[in-house]
Amino acid sequence: MSILRVDSSANTTDSVTRAMTDRIIATLGDTDVTVRDLALEPLPQITGTWAVARATPAETRSPEQAEALIESDKLVAELMAADTIVIGAPLYNFSVPASLKAWIDLIARTGVTFRYTETGPEGLVKGKRVIIAMASGGVPAGSPADFNTSYLKTVLGFMGMTDVTIVSADALAKDPEGTMARANDAIDALAA
């Protein structure tokens with residue numbers, strides 16, 4: 001089994017979601033893991049050149065357009081090669097970190113990870129298992145104020161990834177020990 005691990009916490013030393021993704025990887029067993037650390041390897045924001053390049057057929061792209069898509073192509077290749085995607089997604093101001101949004105912007109590509117058909121959009125990234133490790137100080141996962149997990153489930157589903165499991169540590173400010181115990185129990189259950 002191959003795993004793509006995407007960490008997005010800006011906190012690289014004492015991150016709850018990083019500890020959760022560590023435990024998830026260990027629980028899933030000895031596998032081939034590709035690590036994409038968005039804090040240590042920041043991604044570029046999309047630009048006008050990138051936007052035009054993604055809509056230009058590969059055979060007619062200028063050298064500048066081809067270069068603009070290099071990082072995006074690499075990220076898409078990592079995604080497509082993985083059987084399981086593990087995403088560390090702390091809740092920042094009710095949503096995903098900007099680094100994770102940049103990753104999504106670079107992998108969500110018409111004709112590559114999704115396409116439009118006569119009957120509507122179709123995701124092209126199928127057969128993947130996604131596990132999202134979400135942490136927040138007090139916003140409950142799935143609540144109206146949680147735009148993190150609802151956004152991730154929507155955009156990943158749009159690209160065809162519908163087997164999504166949320167593991168949350170969402171009451172850290174209220175009950176850190178109990179919250180982590182519940183999150184760890186949920187992670188341990190992933191092996192079943």
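Please give the per residue accessible area of region 52-143, computed with a probe of 1.4 Å over protein heavy atoms only, in Å². Please list the in-between numbers first.
On the way: 4240 Å² over 92 residues.
For region 52-143, the solvent-accessible area averages 46 Å² per residue.
Could you work out the helix-only [θ] at 222 nm for the chain, with each DSSP H run of four or more residues adding -39,500 (n - 2.57) and the total divided by the number of residues, to the nearest 500 deg cm²/dmol? Don't skip to the end; give the middle numbers.
On the way: 7 runs with 73 residues, N = 192.
Result for the chain, helices only: -11500 deg cm²/dmol.
If you work out Rg/Rh (Cα atoms, Kirkwood Rh) from the coordinates, which of [x] 0.99; [y] 0.92; [z] 0.95 do you get?
Read-out taken from this structure: [x].
Would you list, by chain and number, the lysines whose Cα falls below 17 Å from the Cα of residue 74, excluding same-chain residues fewer than 8 positions away?
Partners found: 101.
At a Förster distance of 41 Å, what's the computed FRET efficiency of residue 73 paired with residue 14, Cβ-Cβ distance as r, to 0.05?
On the way: r = 34 Å, r/R0 = 0.82.
So, using R0 = 41 Å, E works out to roughly 0.75.
Round to a whole angstrom and tell me the spacing of the C-alpha centers of region 159-182 and region 39-105.
Spelled out, the Cα-based centre of one part sits 25 Å from the other.
Identify the GluC sites (Glu not before Pro) of region 88-192 meeting these criteria: DSSP loop state and at most 13 other C-beta atoms within 10 Å of the C-beta. Intermediate results must be reported in sequence, preceding the final value.
Values: sites: 118, 122, 177; in loops: 118.
Sites meeting the loop and neighbour criteria: 118.
What is the magnitude of the charge dipole of the chain about its Cα centre, with +1 placed on the Cβ of each Lys and Arg, -1 on the Cβ of each Asp and Glu, and no other charges, expressed in debye to the nearest 20?
Details: 16 positive and 24 negative charges, 74 e Å.
Computed charge dipole of the chain: roughly 360 debye.
The values are calculated or read from the model by the stated rules, or taken from the named source; none is laboratory data. All of these numbers come straight from a predicted model, not from anything done at the bench. Cβ sites come from the backbone with ideal geometry, for glycine too, and all protein chains shown count toward neighbours. Accessible surface is based on the protein model in full, side chains and every heavy atom, while ligands, DNA and RNA are left aside. Shrake-Rupley method; radii C 1.70, N 1.55, O 1.52, S 1.80 Å.
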